[in-house]
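Let me begin by presenting the structure, written as structure tokens, before commenting on it.
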Amino acid sequence: MRSHGCGDLRQSATGQAVQLCGWVDRSRDHGGVIFIDLRDRSGTVQITVDPDNGAEMFAVAEHLRNETVIQVEGKVRERPADAINDKLPTGQIEVLASAITVLNSVKGNLPFAVSVHDEENTREELRLRHRYLDLRRERMNSNLRLRAQTIQAARRFLEEQGFIEVETPVLTRSTPEGARDYVLPSRVCGGEWFALPQSPQLFKQLLMVGGIERYYQVARCFRDEDLRADRQPEFTQLDMEMSFMDQEQILELNESLIAAIWKSVKGIDLPRPFPRLTWHDAMERYGTDRPDTRYGMELVNVSDLVADMGFKVFSGAVASGGSVKCIAVPGGNDAVSNVRIKPGGDVFSEAQKAGAGGLAFIRVREGGEIDTIGAIKDNLSDEKKAELLERTGAEPGTLILFGAGDTATVNKALDRVRQYLARELGMVKTDSENDSWNFLWVVDFPMFEFNADENRYEALHHPFCAPNTDDLGSDASQWAQTLPGARAQAYDLVLNGLELGGGSLRIHDSALQRQVLETVGLPLEEANAQFGFLMEALDMGAPPHGGLAFGLDRMVMLLAGEESIRDTIAFPKTQQARCLMTNAPGGVAEKQLQELHVASTWVDDED
């Protein structure tokens with residue numbers, strides 16, 4: 001039906017007869033000559049329709065609506081010098097039409113203008129409801145092509161390294177992995193349930209037991225959790241697992257993988273090796289285990305300086321086992337007023353959203369003098385004031401913001417305020433300006449964190465991470481005592497403040513695996529019921545192994561410079577986990593529920 005793509009034509013095709021197909025992007029009538037911008041997946045080209053070439057064809061062109069699907073026959077010619085469009089790759093030529101055939105017309109009103117010139121003003125809800133139209137736009141078309149390039153680059157690299165792609169089951173059993181499962185009732189096994197996988201974790205470990213040694217998969221995963229801009233109920237991981245490699249080798253291989261993707265997709269040579277930071281240092285310096293290292297304002301612990309001062313907010317926090325930390329905001333004296341830091345202000349609000357009661361602050365004036373409201377200045381000796389300025393590196397014009405209380409809340413509040421002010425003060429460039437790719441490995445995570453509400457330990461990543469042997473000790477009889485305080489052989493790759501992926505070395509000893517499950521409160525009988533197949537496999541000559549998974553949607557979001565992963569997925573869900581286009585989820589017939597041996601207990605609020 002066509003000889004060329006619309007966007008493929010150049011001056012070298014001048015004089016050629018061509019046949020094109022695509023959508024009418026725009027149509028303009030200029031004094032008896034009609035110009036049509038014809039668009040297909042390859043780009044856009046100008047079609048010129050002259051009535052001297054056929055009155056019937058011209059009559060067809062006069063009534064073409066935007067998004068009508070047409071076929072055009074014509075000849076390529078150079079545009080006049082004053083009509084060249086430097087913004088288009090095809091801008092030096094046009095196609096003089098000799099025939100136009102309407103392949104399909106638009107029957108109703110378009111819900112929004114699809115033309116690339118009208119992209120910015122369409123509400124996301126409308127875009128998602130009519131996603132098939134949104135996909136025609138240059139932005140979404142480009143994002144999906146970039147996604148395909150990213151996957152192709154990853155596949156090429158991994159297969160050159162001896163990895164093979166293996167598909168793992170989508171219907172599996174429910175296991176505790178930290179988020180809610182999507183569960184499906186079984187029709188043939190009444191009263192029993194499948195779950196959709198949160199990850200291929202157990203299956204890829206079993207592939208290692210099976211001698212595959214190097215596995216990868218572009219894996220679909222499902223989690224029934226609260227959603228944000230960078231989360232979806234169904235998402236895609238670039239998943240991998242490998243045998244007989246230690247942590248250093250795994251990190252090195254994955255750095256090479258990321259470098260290969262960035263080179264292929266962006267043409268960028270990433271500096272290597274990537275920096276590394278322990279989990280403890282990340283929390284101490286940034287208040288988060290996924291720090292954005294493109295700017296400063298690191299957290300500074302000043303608990304020792306203020307522990308005995310007369311300001312009870314500070315001394316009380318330290319006395320109760322908490323901490324006092326601060327961030328130094330360069331130029332903050334002029335940029336951040338007192339009103340913004342006090343109750344009702346935007347900076348105060350950011351701290352409050354993270355659980356803090358508020359922020360204390362001082363301003364550094366000329367000569368190192370400090371200016372503040374309240375009791376800080378009066379209770380800070382000259383010696384400690386000098387120490388504070390030295391630790392923070394604060395110069396005249398700097399605003400110092402303090403958080404005080406339990407350490408977790410202080411970290412969370414100052415991290416949030418730090419990120420907010422960095423954006424507000426222009427420390428982070430916009431995506432269109434940003435050529436900074438700050439990769440960071442965060443390593444040495446704790447194995448567990450304590451859930452005070454449930455009075456039990458929880459695995460910080462998942463219960464299949466291998467503990468650090470130095471922390472665990474060689475005496476198996478002591479594992480119950482040493483495990484709670486052990487570090488995991490786990491690692492996350494962070495890019496510009498977002499977790500790009502993570503993984504760990506795995507436990508390949510069944511006795512240790514049982515002890516870990518017991519530590520997170522899973523009784524032996526229940527552990528055997530849920531993971532007996534894994535224990536049995538580990539006893540059949542399981543090799544040392546480890547792996548990692550990257551969030552493919554998030555990776556493409558960052559590569560594309562988008563703010564939401566919804567703009568990198570062909571048919572995404574909303575933040576309410578709905579598909580607006582198909583109106584899913586939806587009801588099912590009572591007969592279907594009966595066949596599945598289930599009944600709905602849902603009661604509509606309106607009833």
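Every listed requirement among (1) modelled with pLDDT of 95 or more; (2) within 30 Å of G521 (Cβ to Cβ) is met by F163 save one, (2).
Among the strands (runs of 3 or more DSSP E) contained in the stretch 322-406, which hold 1 or more residues that are in contact with a helix residue (DSSP H, G or I) (Cβ under 9 Å, 6 or more places away or on another chain) and farther than 25 Å from A282 by Cβ?
360-364
Within the stretch 17-42, the set of residues being open to solvent by 20 Å² or more (accessible area, probe 1.4 Å) and within 20 Å of A83 (Cα to Cα) comprises R26, S27, R28, D29, H30, G31, G32, V33, F35. Going by the conditions given, is S264 surrounded by fewer than 19 Cβ atoms within 10 Å (Cβ to Cβ), under 20 Å from A351 (Cα atoms) and either modelled with pLDDT of 95 or more or of a type in the set (K, R) (or both)? Spelling it out, it is not the case that S264 is surrounded by fewer than 19 Cβ atoms within 10 Å (Cβ to Cβ), under 20 Å from A351 (Cα atoms) and either modelled with pLDDT of 95 or more or of a type in the set (K, R) (or both). Return a yes/no flag: does the stretch 286-302 have any residue that is open to solvent by 50 Å² or more (accessible area, probe 1.4 Å) and hydrophobic (A, V, I, L, M, F, W, C). Among the residues of the stretch 286-302, not one is open to solvent by 50 Å² or more (accessible area, probe 1.4 Å) and hydrophobic (A, V, I, L, M, F, W, C), which makes the answer no.
In the stretch 123-166, of all residues being among the β-branched types (V, I, T) and under 23 Å from the mean Cα position of the chain (by Cα), the one that is surrounded by the most Cβ atoms within 10 Å (Cβ to Cβ) corresponds to T150.
Taking the stretch 579-605 as the range and being under 29 Å from R231 (Cβ atoms) and either acidic (D, E) or outside any loop (DSSP other than H, G, I, E, B) (or both) as the test, the residues that pass are C579, A584, D604, D605.
Would you mind stating whether G310 is within 17 Å of A413 (Cβ to Cβ), at pLDDT below 95, outside any helix (DSSP H, G or I) and open to solvent by 40 Å² or more (accessible area, probe 1.4 Å)? Here the answer is no, as G310 does not meet what is asked.
Among the residues that make up the stretch 65-73, is at least one of them touching a strand residue (DSSP E or B) at 6+ places or on another chain (Cβ under 6 Å), surrounded by fewer than 14 Cβ atoms within 10 Å (Cβ to Cβ) and not hydroxyl-bearing (S, T, Y)? There is no residue in the stretch 65-73 that is touching a strand residue (DSSP E or B) at 6+ places or on another chain (Cβ under 6 Å), surrounded by fewer than 14 Cβ atoms within 10 Å (Cβ to Cβ) and not hydroxyl-bearing (S, T, Y).
How about the stretch 1-47: which of its residues are assigned to a strand (DSSP E or B) and aliphatic (A, V, I, L, M)? Talk me through it step by step, then tell me what you get.
First pass over the stretch 1-47, keeping only residues assigned to a strand (DSSP E or B): 17-30, 33-40, 43-47.
Across the stretch 1-47, the qualifying residues are A17, V18, L20, V24, V33, I34, I36, L38, V45, I47.
It is to be established whether one or more residues within the stretch 503-510 are under 30 Å from A422 (Cα atoms) and touching a Leu at 6+ places or on another chain (Cβ under 6 Å). Scanning the stretch 503-510 turns up at least one residue that is under 30 Å from A422 (Cα atoms) and touching a Leu at 6+ places or on another chain (Cβ under 6 Å).
Taking the stretch 48-97 as the range and being touching a residue at least 60 places away in the same chain (Cβ under 8 Å) and either farther than 21 Å from H4 by Cβ or part of a loop (DSSP other than H, G, I, E, B) (or both) as the test, the residues that pass are E67, P89, T90, Q92. All told, L253 meets the bar of being modelled with pLDDT of 95 or more and either within 15 Å of the chain's Cα centre (by Cα) or farther than 18 Å from C465 by Cβ (or both). Going by what's in this entry, would I362 be described as of a type in the set (V, I, T), open to solvent by less than 20 Å² (accessible area, probe 1.4 Å) and at pLDDT below 95? Spelling it out, I362 is indeed of a type in the set (V, I, T), open to solvent by less than 20 Å² (accessible area, probe 1.4 Å) and at pLDDT below 95.
Within the set V556, V520, the sole residue that is open to solvent by less than 30 Å² (accessible area, probe 1.4 Å), within 24 Å of F439 (Cβ to Cβ), among the β-branched types (V, I, T) and touching a residue at least 60 places away in the same chain (Cβ under 8 Å) turns out to be V556. Any residue at all in the stretch 473-486 that is of a type in the set (F, W, Y), modelled with pLDDT under 95, touching a helix residue (DSSP H, G or I) at 6+ places or on another chain (Cβ under 8 Å) and open to solvent by 30 Å² or more (accessible area, probe 1.4 Å)? So far as the stretch 473-486 goes, yes, one or more of its residues are of a type in the set (F, W, Y), modelled with pLDDT under 95, touching a helix residue (DSSP H, G or I) at 6+ places or on another chain (Cβ under 8 Å) and open to solvent by 30 Å² or more (accessible area, probe 1.4 Å). Considered as a group, the residues in the stretch 98-116 that are assigned to a strand (DSSP E or B) and not hydroxyl-bearing (S, T, Y) include one that is surrounded by the fewest Cβ atoms within 10 Å (Cβ to Cβ), and that residue is N104. Residues in the stretch 74-90 that are closer than 27 Å to V106 by Cα, in contact with a helix residue (DSSP H, G or I) (Cβ under 9 Å, 6 or more places away or on another chain) and surrounded by fewer than 18 Cβ atoms within 10 Å (Cβ to Cβ): 1 in all. Among residues of the stretch 455-471 being touching a residue at least 60 places away in the same chain (Cβ under 8 Å) and over 30 Å from E252 (Cβ atoms), the one that is surrounded by the most Cβ atoms within 10 Å (Cβ to Cβ) is Y457. Count, please, the residues in the stretch 245-257 that happen to be in contact (Cβ under 8 Å) with a residue 60 or more places away in the chain and closer than 15 Å to F163 by Cβ. Here the count works out to 6. For the stretch 493-507, which residues satisfy the criterion of being open to solvent by 10 Å² or more (accessible area, probe 1.4 Å) and either touching an Asp or Glu at 6+ places or on another chain (Cβ under 7 Å) or more than 12 Å from G547 (Cβ to Cβ) (or both)? If the condition is that a residue be open to solvent by 10 Å² or more (accessible area, probe 1.4 Å) and either touching an Asp or Glu at 6+ places or on another chain (Cβ under 7 Å) or more than 12 Å from G547 (Cβ to Cβ) (or both), then N496, G497, L498, E499, G502 are the ones that fit. Would you tally the residues in the stretch 210-235 being open to solvent by 10 Å² or more (accessible area, probe 1.4 Å), within 25 Å of L534 (Cβ to Cβ) and of a type in the set (G, A, S)? So the answer is 2.
With the condition kept exactly as written, say whether any residue in the stretch 236-246 is surrounded by 18 or more Cβ atoms within 10 Å (Cβ to Cβ), out of contact with any helix residue (DSSP H, G or I) (no Cβ under 8 Å at 6 or more places or on another chain) and either part of a loop (DSSP other than H, G, I, E, B) or charged (D, E, K, R) (or both). No, the conditions are met nowhere in the stretch 236-246. Taking the stretch 46-64 as the range and being closer than 12 Å to G32 by Cβ, open to solvent by less than 40 Å² (accessible area, probe 1.4 Å) and over 49 Å from the mean Cα position of the chain (by Cα) as the test, only F58 passes. For the stretch 276-290, the count of residues that are out of contact with any Asp or Glu (no Cβ under 6 Å at 6 or more places or on another chain), of a type in the set (G, A, S), in a helix (DSSP H, G or I) and within 24 Å of R416 (Cα to Cα) is zero. Inside the stretch 407-417, residues that are basic (K, R) and either in contact with a Gly (Cβ under 7 Å, 6 or more places away or on another chain) or not in a helix (DSSP H, G or I) (or both) make up a count of 1.
The values are calculated or read from the model by the stated rules, or taken from the named source; none is laboratory data. Quick caveat: nothing in here was measured; it's all calculated off a predicted structure. Using ideal geometry, Cβ is built from the backbone for each residue, glycine included, and neighbour counts are taken over all protein chains shown. Protein only, heavy atoms only, side chains kept; ligands, DNA and RNA dropped before computing areas. Shrake-Rupley method; radii C 1.70, N 1.55, O 1.52, S 1.80 Å.
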